[in-house]
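Notes to accompany the following structure.
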Amino acid sequence: PPFSSPVCQLWVNLPKEHKMTAPKYQPIENKDIPSVDVPGGAGSVRVIAGSFGGTTGPASVHSPVELWDVTLPKEGAVADFPFPPEHNCIVFVRRGGVDVLTGQEGDEKAHPLGPQDVALMARLAGDTVRVRAATDDTSLLIIGGKPLDEPIAARGPFVMNTNEELMQANVDYRSGSFGR
């Protein structure tokens, strides 16, 4: 195509007390996303939501969420990403590849991920996500947030806490009153 632009659209489940908040779209432009160097010079992080290295992203959220766009330009670069241990975390490889490193330094196990692969990180693994770039020009999304610890009822575009709430959301949608 003559023009292509990578886009990532995320839908985030809201805590029960915010489920009926008026819907909104957050257009976040490239110029509004701060970039932070990864300690040790391994790469950079564009902080879209949450914070990294003392820098906070522009996304407005209703519960603690992290969304970091990570670039690791050189194969072999090792980067540590401090991450709240009580949060869920995934690593998504947009381009290139990484080894997710687990265990103690010097006795680490490498878990390879290629393009479009996803790793769900165990909360018991500590408070740091460590990766090593397997190729030059690697791009990742590191995404996570505090678990809501609430029941989930989902159908179509709706995510609520109970089947009754789902039915009401459908009634509201069909009547034109959903989100008003």
So, in the range 81-101, exactly how many residues are in a loop (DSSP other than H, G, I, E, B), under 24 Å from Asp149 (Cβ atoms) and open to solvent by less than 20 Å² (accessible area, probe 1.4 Å)? 2
Taking the range 96-151 and keeping residues basic (Lys, Arg), touching an Asp or Glu at 6+ places or on another chain (Cβ under 8 Å) and at pLDDT below 95 leaves Arg123, Arg130, Lys146
Scanning the range 65-79 residue by residue, those of a type outside the set (Ser, Thr, Tyr), closer than 18 Å to Ser44 by Cα and under 16 Å from the mean Cα position of the chain (by Cα) turn out to be Glu66, Leu67, Trp68, Asp69, Val70
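The rows are residues; the columns are (1) modelled with pLDDT of 95 or more; (2) in a loop (DSSP other than H, G, I, E, B); (3) of a type in the set (Asp, Glu).
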residue: Pro27; (1), (2), (3): no, yes, no
residue: Val36; (1), (2), (3): yes, no, no
residue: Gly40; (1), (2), (3): no, yes, no
residue: Val45; (1), (2), (3): yes, no, no
residue: Ile48; (1), (2), (3): yes, no, no
residue: Ser63; (1), (2), (3): no, yes, no
residue: Lys74; (1), (2), (3): yes, yes, no
residue: Ala79; (1), (2), (3): yes, no, no
May I ask you to verify whether Leu101 is farther than 24 Å from Glu29 by Cα, touching a residue at least 12 places away in the same chain (Cβ under 8 Å) and in contact with a helix residue (DSSP H, G or I) (Cβ under 9 Å, 6 or more places away or on another chain)? no
Set Leu67, Leu72: member being open to solvent by less than 10 Å² (accessible area, probe 1.4 Å) and touching a Leu at 6+ places or on another chain (Cβ under 9 Å): Leu72
Return a yes/no flag: does the range 22-34 have any residue that is in contact (Cβ under 8 Å) with a residue 40 or more places away in the chain and surrounded by 14 or more Cβ atoms within 10 Å (Cβ to Cβ). no
Per the filter on the range 152-180, residues modelled with pLDDT under 90, more than 30 Å from Gly57 (Cα to Cα) and among the small types (Gly, Ala, Ser) are Ala169, Gly176, Ser177
Name the strands (runs of 3 or more DSSP E) wholly inside the range 106-180 in which the number of residues that are within 30 Å of Arg95 (Cα to Cα) and of a type in the set (Gly, Ala, Ser) is 2 or more. 138-145
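The values are calculated or read from the model by the stated rules, or taken from the named source; none is laboratory data. This structure is a prediction, so every number in the text was calculated from the model and none was measured. Cβ coordinates were reconstructed from backbone atoms using ideal geometry, including for glycine residues, and neighbour counts include every protein chain displayed. Side chains are part of the model used for accessible areas, which takes the heavy atoms of the whole protein and leaves out ligands, DNA and RNA. Shrake-Rupley method; radii C 1.70, N 1.55, O 1.52, S 1.80 Å.
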